[in-house]
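Any read-out appearing in this document is the output of simple, stated calculations on the displayed coordinates, not a laboratory observation. What you see is a predicted model, and the numbers here were worked out from it, not measured in a lab. Counting neighbours? That spans all protein chains shown, and the Cβs are built from the backbone with ideal geometry, glycine included.
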């Protein structure tokens, strides 16, 4: 069967898939769904009873530090789980709730980063960056059985990055409050703000300075974060941290090969591109890149090195550096 005006149609230029935002969001959604399903099989189903136990200990205030104070996800999803449990068995309701939550987190993170990156790079290159994130994020699914706040933390961090760029200073206050209820590492948002306002050049005296007014906003943000963090410990009851620095060091010493493998897979070739792309990147991303050594230094001292999950929040910061290098050197 021949179509009318077939020769005319073939001569017309086809629209670019990347120009259709709805289709791009649909593609990103199904990528997120696939990864959420992988996480469900690898973590949520495998450690279901352990996850329920930890979830309940946080709700009842008997969990150790710092888990006792990470209330946002557990309380919010606890209410949804309780509602669903009226129609199905509690373990099934729990699994369904957390699986849906993981899908929402991944879609929000990927779509948010994609839309933000397109403000600096082509849609094609921005999507390429999201594909790299989607390809490496499964390495963060290991080495834990209940850390739901980490992926929401990355979403908050991505929002903070966008609002800092748009100079929506007031909006950062409620964001920091909510993020601090999620995890104590919300302290990185005020530091990110400060990095974004640190001049990469020097004044007439050869001194690098912070932009006018930035130190005042930083003080406000830090006070807000500290107020929420201290308030949680007062209301929930103070308890000693479950793991000491010596415990962390002993664990990391025993798992050096796993740490090396996980970090190489996570940072990968984009880590190399990010280092090379620093000088090609927009000024905003060169400034926010200052957070990377600060955060990695803290992780080196206080975290388990095999758990590269803690670096998920850095995707919105280091991926643009890598994209800057690719945009400068290659045709995509």
(message) What whole-number distance in Å separates the alpha-carbon centres of the range 54-68 and the range 86-113?
(response) 20
(message) If I stretch the segment between residue 300 and residue 211 completely, what's the gain in nm (0.36 nm per residue apart, minus their alpha carbon distance), one decimal?
(response) 29.1 nm
(request) Would you please state which residues of the range 264-290 a label at residue 198 would reach in this model, taking the label point 7 Å out along Cα→Cβ and a backbone N cut-off of under 19 Å? (result) 274-290
(message) For a distance above 20 Å, tell me the whole-number percent of Cα pairs in the range 137-205 that qualify.
(response) 40
(request) Please quote Rg/Rh for the range 220-332 to two decimal places, taking the Kirkwood radius as Rh and restricting both calculations to Cα atoms. (result) 1.08
(message) Order these by the 10 Å Cβ neighbour count, fewest first: 125, 59.
(response) 59, 125
(request) With an 8 Å cut-off on Cα pairs and a minimum separation of 6 or more residues, tell me the relative contact order of the chain in percent. (result) 21
(message) I want to make sure I understand the PRE zone here: with the label point 7 angstrom from the Cα of residue 48 toward its beta carbon, which residues in the range 68-90 have backbone N atoms less than 11 Å away?
(response) 89-90
(request) Using 0.36 nm per residue of separation minus the Cα-Cα distance, give me the extension gain between residue 171 and residue 235 in nm, one decimal. (result) 20.5 nm
(request) In nm, give the distance between the simple-model label positions of residue 329 and residue 269, each being 7 Å from the Cα along the Cα-to-Cβ direction. (result) 1.0
(message) For a protection proxy built on the mean count of beta-carbon atoms within 10 angstrom, sort 47-57, 94-104, 316-326, 134-144 highest first, please.
(response) 316-326, 94-104, 134-144, 47-57
(message) Between residue 162 and residue 56, what is the label-point separation in nm under the 7 Å Cα-to-beta-carbon projection?
(response) 3.9
(request) Neighbouring Cβ atoms within 10 Å as the yardstick, rank 307, 41 fewest first. (result) 41, 307
(message) Students often check this: by mean Cβ neighbours within 10 Å, which of 180-192, 78-90 ranks highest, and how do the rest follow?
(response) 180-192, 78-90
(request) Consider just the alpha-carbon atoms of the range 89-232 and return their Rg together with their Dmax, both in angstrom. (result) 18.0, 69
(request) Grab the DSSP H runs of the chain that are 4 residues or longer, score each as -39,500 (n - 2.57), total them, divide by all residues and round the 222 nm result to the nearest 500 deg cm²/dmol. (result) -21000 deg cm²/dmol
